[in-house]
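I have placed the structure first, in the form of structure tokens, so that the comments after it can refer back to it.
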Amino acid sequence: MPSPLRDPKSLPDWLELDYYQRPRPLRRWKWLIAVVVFLACVAIVGAVFFVPGNRLLYQAGPVSPVHNMFNNECGVCHTDSFAGAKRLLPGDAHPVSVPDSACSQCHSGPWHQEQQTFTPACASCHREHRGESLLHVADGHCTNCHADLKRKDGQPSPFQNITSFAKDHPEFALWRGTGAPDPGTIRFNHQLHLKADLRGPGGKPTQLDCLNCHRYDEQRQYFQPLSYEKNCKECHPLSVTLSGDWKDDQLKQAAQTFGQEAAPHREPAIVRSVLHDRLAQLAEKYPALLDTRQGTSATRPFPGKRPPEADPATTASWVNEQLQTTTRQLFDGAAGCRYCHQVSQVRTPAGLPEYAPSAIRQRWFAHARFRHDSHRQLACVECHAAPGSATTGDVLMPKIDTCKQCHGPPAVASTACVHCHGYHDWKHDGYRGKMTIQEFLRKK
Amino acid sequence: MLIDSSHRPWIIGASVVALAALGSHWWLDRQTPGGLTGGSPIGVAYGLAGAALMVYAGLLSALRKVPAWTWLGPRKRWMRGHIWLSLLSAVFILCHANYRWGGWLELALWLVLIGVLVTGIFGLLLQHLIPRMLTVRVPREAPYEQIPYLCKNLTRQADEIVVSAWSVSSPEQETSILVTQMGPGAKAQLQDFYDQRLRPYLLAPGLPSPLRNPMKARAAFSRLRALPGLVPVREHIDKLEDIYEEGRQLAEQERLHRWLHVWLLAHIPLSVALLVLGVLHAVMSLYY
């Protein structure tokens, strides 16, 4: 409805004909604010650019914790100007903006495998500006090659068609071969040691569990090496029994005390020397011991052996007799060293036995990392079938299917390659730092 | 601009491209070890596409400067593109950023972009609703820029009406208790109402006044008409009320018009900030 006060016929009377030429307040404000905002943005950007120590603002994300000290020194790693633009050009094999030479100022990064046909740039796997550890490398960087692995020599590889752990990771190398037994030579029966009615020190009933012997190392990653002193001695002391006709209680007590003190768990020559010294000291302390030789069972020959000739009752002869008795107990007795150790048939010229090296393997999966502490919620026997193992040759390591129960669908435990494997072969690490502290800080 | 059926091709086209962009990003992200980043060639391609769409959206204001360039196509088409392609640009930028906020600069860019989009959508809603409200509430619509001039004119006309009301002869004055309602007393009331309320309202209809409420205004005019002494000038009062109604509608138009355009006070400066920060982001990203 038009206004009755504004007759179109008298338009010039009520309309300013030049109104469109006048500034419009709203439009003026609009452009004024836009110009102010523009200038403010330029000023802030300029201020940020020229004020040192503000490079953090330009970063798409914080650098990893280990590079924190370079947070405001972009040029330490970004050595080339407009590298970000150059990598977009076609024909660049390494689309990263940080060259390897920048990394190698401080890092070695040895190659992965001598047969590898392709070496990725450092920054293509180790992604910076994500605020997380650079060791978090995505599986795709590994399967990029391993999904269809080629070798320089053209030979096939057991790792050539791996796209994920859960899907097609091959069986662990330990189980891919002929199933060789545990090369360890220490005779050990896990089943026996895990029995409920085991007799411990002093004949007390004892129930062992795995962690009684297998103790975490300081990092709680693997276990400390097994040793007789730490793991066996308490229940299996290397005690000996002196021979003699013990009529005197004091002498009898001294002989028993001597026997209870375990012999050292060392090479046979050392064992014999230590026993010799201890016997000599005992004889010196208790001269009456020399009179206990008569009728001792030690003079009884072994079947088929000639009885030893009687020596004069001197300290030396008593010591030798007792040494012969005790070393025989240790070296030849069923409860002696050979109870656990494999002894060779041939003796040394000194008449001492030789034992095979224990060869207890510290690491079974040489190409993988494992952290026992991360799996502490599980009972050991879920992965290691120790309760059913009665012989030394049993290999108690799990197969890949055991791992896949959790590390793969439907469970959600990580299957990331780098959780178990490392890329760089650190045997070839040749980096030797040469910077002084001042040089390093200048670089910072 | 109304979102009508003419927008359908734009909506469908933008939706299809957005879905294609999101789908391809999802697939490429899965194929790329560690996921896509904004700096990877694919990520940069998404960023360039988003930036190009933003630049297109921004060219709408430049188009106004060259109205003679008709070969650029009709302005309505540019407006539709401005709406839907700028929304599409957000999808490309989302892919470019890989659904991350990024660092401080990128966070600022995100906030500014969100501000631009929110003010734009708000403006679109206003443009959709307010013209209809104008049609209903302001039948006597006038060119917006003319409103102050028209208000002055209305005041001048009202002044003349009030002056002429005094010249209308009244019945013989009575000296009764009705003195304030008869003859000069009544006209004095009319003059007082005009001077105290109507005239200030006509000069500045946007300012607070009891006459901003049409119900109260109608009551005031009715009260004047009811005065016995103003019976001879009722025609004058009717004209004054008509002038008031014209002024009130112009005030309503001004208010609605302000709402119709005030969002641009945020939309355009934010777009400028987006441009500056976007250029900075691009330069720094390509430099490092």
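Residue check, B:Leu111 against (1) within 14 Å of chain A (Cβ to nearest Cβ); (2) farther than 26 Å from B:Leu28 by Cα; (3) open to solvent by less than 40 Å² (accessible area, probe 1.4 Å), all met but one. Which one?
Every condition holds for B:Leu111 apart from (3).
Just to be sure, is A:Ala379 within 27 Å of A:Asp182 (Cα to Cα) and open to solvent by less than 60 Å² (accessible area, probe 1.4 Å)?
Here the answer is yes, as A:Ala379 does meet what is asked.
Could you check A:Lys9 against (1) in a helix (DSSP H, G or I); (2) facing another protein chain (nearest Cβ under 10 Å) and say which number it fails?
Among (1) in a helix (DSSP H, G or I); (2) facing another protein chain (nearest Cβ under 10 Å), A:Lys9 violates only (2).
Assess whether B:Leu28 counts as being open to solvent by 50 Å² or more (accessible area, probe 1.4 Å) and either away from chain A (no Cβ under 14 Å) or farther than 21 Å from B:Gly278 by Cα (or both).
Answer is no for this residue.
In this structure, does A:Leu57 turn out to be under 29 Å from B:Leu277 (Cα atoms), in contact with a helix residue (DSSP H, G or I) (Cβ under 6 Å, 6 or more places away or on another chain), at the interface with chain B (Cβ under 7 Å from one of its Cβ atoms) and not in a helix (DSSP H, G or I)?
Values: under 29 Å from B:Leu277 (Cα atoms): yes; in contact with a helix residue (DSSP H, G or I) (Cβ under 6 Å, 6 or more places away or on another chain): yes; at the interface with chain B (Cβ under 7 Å from one of its Cβ atoms): yes; not in a helix (DSSP H, G or I): no.
It is false that A:Leu57 is under 29 Å from B:Leu277 (Cα atoms), in contact with a helix residue (DSSP H, G or I) (Cβ under 6 Å, 6 or more places away or on another chain), at the interface with chain B (Cβ under 7 Å from one of its Cβ atoms) and not in a helix (DSSP H, G or I).
For A:Ser97, work out the one condition from (1) more than 9 Å from every other protein chain (Cβ to nearest Cβ); (2) in a loop (DSSP other than H, G, I, E, B); (3) surrounded by 13 or more Cβ atoms within 10 Å (Cβ to Cβ) it doesn't fulfil.
A:Ser97 satisfies all of (1) more than 9 Å from every other protein chain (Cβ to nearest Cβ); (2) in a loop (DSSP other than H, G, I, E, B); (3) surrounded by 13 or more Cβ atoms within 10 Å (Cβ to Cβ) except (1).
Taking the condition of being in a loop (DSSP other than H, G, I, E, B), more than 28 Å from the chain's Cα centre (by Cα) and of a type in the set (Lys, Arg), how many residues in segment A:336-374 meet it?
So the count comes out to 1.
Mind telling me which of the residues A:Ala368, A:Ala359 ends up being on the phi > 0 side of the Ramachandran plot, surrounded by 11 or more Cβ atoms within 10 Å (Cβ to Cβ) and at pLDDT 90 or above?
After applying the criteria, what remains is A:Ala359.
Can you name every residue in segment A:19-36 that is of a type outside the set (S, T, N, Q), assigned to a helix (DSSP H, G or I) and open to solvent by 40 Å² or more (accessible area, probe 1.4 Å)?
Selection gives A:Tyr19, A:Tyr20, A:Pro25, A:Leu26, A:Arg27, A:Arg28, A:Trp29, A:Trp31, A:Leu32, A:Ile33, A:Val35, A:Val36.
I'm told B:Leu190 meets every condition in (1) within 12 Å of chain A (Cβ to nearest Cβ); (2) in contact with a His (Cβ under 9 Å, 6 or more places away or on another chain); (3) open to solvent by less than 20 Å² (accessible area, probe 1.4 Å); (4) not small (Gly, Ala, Ser) except one. Can you identify the failing condition by its number?
Looking at each condition in turn, B:Leu190 falls short on (1).
Quick one: A:Ile360 ticks every box in (1) over 30 Å from A:Arg266 (Cα atoms); (2) touching a Gly at 6+ places or on another chain (Cβ under 6 Å); (3) of a type outside the set (Phe, Trp, Tyr) bar one, so which box is it?
Of the numbered conditions (1) over 30 Å from A:Arg266 (Cα atoms); (2) touching a Gly at 6+ places or on another chain (Cβ under 6 Å); (3) of a type outside the set (Phe, Trp, Tyr), the odd one out for A:Ile360 is (1).
Residues that are open to solvent by less than 40 Å² (accessible area, probe 1.4 Å), at least 3 per element: which helices (runs of 4 or more DSSP H) completely within segment A:101-207 meet that?
A:122-125, A:139-146
The values are calculated or read from the model by the stated rules, or taken from the named source; none is laboratory data. On a predicted model such as this, the values are computed, not experimentally measured, just so you know. Here Cβ is always computed from backbone atoms with ideal geometry, including for glycine, and neighbour counts include all displayed protein chains. Surface accessibility is based on the protein's heavy atoms, side chains included, excluding ligands, DNA and RNA. Shrake-Rupley method; radii C 1.70, N 1.55, O 1.52, S 1.80 Å.
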